[in-house]
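Structure first, then comments.
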Amino acid sequence: MITIDGKEYTKEKMSDDQVKLFGIISNLSAEKNVHINQAEQKEILIQHYITKFKEATDKPEKEK
């Protein structure tokens, strides 16, 4: 069973074109999720380095 926009489709009742298009949709959705996860990881790294930058900026001159 495949659901698109709340409507369920049975793969056995799909045309070859529909199966092909669903495969493309599935692949693009999976790639989108990978990009979202990578963006979230990059945001964590950015925040980490912002914290490190602030720590380095707040140090007295002798410690720098």
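Quick note: the coordinates plus some simple rules give every number you see, no bench work behind them. All values derive from a computational prediction rather than experimental measurement. Note that each Cβ is placed from the backbone with ideal geometry, even for glycine, and that neighbours are counted across all protein chains shown.
When every residue of the range 50-59 is checked against the conditions, none turns out to be of a type in the set (Phe, Trp, Tyr), in a helix (DSSP H, G or I) and within 30 Å of residue 5 (Cβ to Cβ). Consider residue 43 carefully, then state whether it is surrounded by 10 or more Cβ atoms within 10 Å (Cβ to Cβ), without any contact (Cβ under 8 Å) to a residue 12 or more places away in the chain and of a type in the set (Asp, Glu). It is true that residue 43 is surrounded by 10 or more Cβ atoms within 10 Å (Cβ to Cβ), without any contact (Cβ under 8 Å) to a residue 12 or more places away in the chain and of a type in the set (Asp, Glu).
Cβ-Cβ contacts under 7 Å between residues 6 or more apart (or on different chains), taken from a first residue in the range 11-40 that is more than 21 Å from residue 1 (Cα to Cα) and touching a residue at least 40 places away in the same chain (Cβ under 8 Å) to a second residue that is assigned to a helix (DSSP H, G or I) and among the hydrophobic types (A, V, I, L, M, F, W, C), are absent.
Taking the range 10-23, which residues are of a type outside the set (S, T, N, Q) and either part of a loop (DSSP other than H, G, I, E, B) or exposed (fewer than 10 other Cβ atoms within 10 Å of the Cβ) (or both)?
So in the range 10-23, the residues of a type outside the set (S, T, N, Q) come out as 11-14, 16-17, 19-23.
If the condition is that a residue be of a type outside the set (S, T, N, Q) and either part of a loop (DSSP other than H, G, I, E, B) or exposed (fewer than 10 other Cβ atoms within 10 Å of the Cβ) (or both), then 12, 13, 14, 16, 17 are the ones that fit.
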